[in-house]
Every structure is written in structure tokens, then in C-alpha cells.
Amino acid sequence: MAGSGSELPGAGLTAAAALVLTPLATQTATARTASSAPPRAAAAVTQTPGMDVSSHQGNVNWSYWWGQGMKFAYVKATEGTSYKNPYFAQQYNGSYKVGMIRGAYHFAVPSSSSGTAQADYFVNNGGGWSRDGKTLPGVLDIEYNPYGATCYGLSQAGMRSWIAAFTSRYKARTGRDAVIYTTTDWWTRCTGNTSQFSQTNPLWIARYNTSVGTLPAGWSYYTFWQYTDSPLDKNRFNGDLSRLKALALG
């Protein structure tokens, strides 16, 4: 990207739990059956393809990408408190008009202003949310600094405080928890691999590979995965289209 769904518990009991709930006389037979039965193959998780864009892509041919199977798009809206994507309207509205579920993202520059100020700037310039079923919660894109020090001159504690200020202000303004886009390496170096946000903020992990690899602390699963930047940033939502729509509805 760069500045340039909940897991459901299994419905059935494990073999061990079933033994606790069955009469003693039948436990041996139950255990024998459980131990001799072939293991069940894990159900394949359906993933939904999508993309993200910024001013680098200019005016996007959304009909083409819809035809390529893209079902959602995230569009860069703002950076810091002084930059607005000049192509935002074409990209944000165009993706919506072809049928995609879309959302906006903010590229964080923690060295330039507070998390609260940047959240306000984002919401005021395209990063809001509405319960129309086609608008995803906004994204805090927090990653490597293209302008200087990797962690923007902040300590790990300072970075955690900055992120907390942004996410709390975003929720106060929109009613939604912002998605956090990052890499495991940056998150580890610059936040101390905190798990502070893992119970509230969906994770969008960036890793250009065939697997997501190790996730940041606390997140047991990812919501979005950016897996390539060729020919542009492509992503997968970790669920089927119905779950993506549920995320949009809040």
C-alpha cells in the first residue's frame, strides 16, 4: 500500500468433551470409535479478492477490475494532515458504482501531528463510514516511513500511544473500529509487538508471499491480506462475500 471476520467456534463437541457427557458404560466404545475414525480434512476457507489504490493509479478502469473478479477496493484518501488523494472521488465512487464494496485508508505520518488530528483529517476528507452495506470501515495504514526514520522518531511506547489516539478518535467519530494495515516486522520494531489492539481492530497484514507468515502479537487471524503489488496492490478478504458484507454493515 505504502504512502507513495470473526472466527466462529466449532459447532460440534470434541471427542474428549463427548466422553465427559456420555454415561460411563458407553465411554469406552465412544473412545474406540473416535480413535479409529479417519481424521477430518479441514474445511477450505473461502477468500474474497479485492484491491487497493492511491494516486499512483490515477483514474482507474473499474469495469475492467470488476470483470477480473475484484469484489472490494480500498482507496487512499489522506496522508498526515496536509495531503488528499486528487483521484479519490473517481476511485472511491467509481469502485462503488461498478458494484464493489469499498472503503478509504489513511497513510499515517506520526512524526507530523497527533493521532487525534490525523483521524479527524481522515474522517473529514473521505474516511467516514455509513451503514449502506457497501462501505467498509476506514483503515489506519501504519508502516515504514518513506521520509526518514523507520519509526518516525517515536519510542515504542510513543507509537502505541499515537495509534491509540488515532483509533479511539476514529471510533468516536464513526462508531467503527479502524482496520490496522501493517507488516509484522514494522509492528514488532516500532510498537514492541503489542497486542493492545488485537481484540478491537481488524488486521490487514501486508506480506508479498504465498502465505501470510507470522502475524503480529494477539491477532490469531487476519481480516485482509495484501499479497502482491503486481500489477497493483491485490488483497484477499479472509471470508466469503457474505462475511465481507457483514463487515461493511458493522
Might you check whether a residue that is farther than 25 Å from Tyr227 by Cβ, out of contact with any helix residue (DSSP H, G or I) (no Cβ under 7 Å at 6 or more places or on another chain) and surrounded by fewer than 18 Cβ atoms within 10 Å (Cβ to Cβ) occurs anywhere in the range 188-197?
no
When the range 171-196 is checked residue by residue, the ones that are part of a helix (DSSP H, G or I) and under 14 Å from Pro216 (Cα atoms) are Thr184, Asp185, Trp186, Trp187, Thr188, Arg189, Cys190, Thr191
Condition first: in contact with a Pro (Cβ under 7 Å, 6 or more places away or on another chain) and surrounded by fewer than 17 Cβ atoms within 10 Å (Cβ to Cβ). Now tell me which residues in the range 171-187 satisfy that.
none
I'd like the residue in the range 122-170 that is in a loop (DSSP other than H, G, I, E, B), of a type in the set (Gly, Ala, Ser) and touching a helix residue (DSSP H, G or I) at 6+ places or on another chain (Cβ under 7 Å) and, out of all such residues, is surrounded by the fewest Cβ atoms within 10 Å (Cβ to Cβ).
Gly133
May I ask you to verify whether Gly239 is modelled with pLDDT of 95 or more, crowded, with 18+ Cβ neighbours inside 10 Å and small (Gly, Ala, Ser)?
yes
Per-region count, the range 206-242, residues assigned to a strand (DSSP E or B) and closer than 13 Å to Gln47 by Cβ
8
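The values are calculated or read from the model by the stated rules, or taken from the named source; none is laboratory data. Predicted, not measured: the structure shown is a model, and the values here were computed from it. Positions of Cβ are generated from backbone atoms using ideal geometry, with glycine treated the same way; all protein chains shown enter the neighbour counts.
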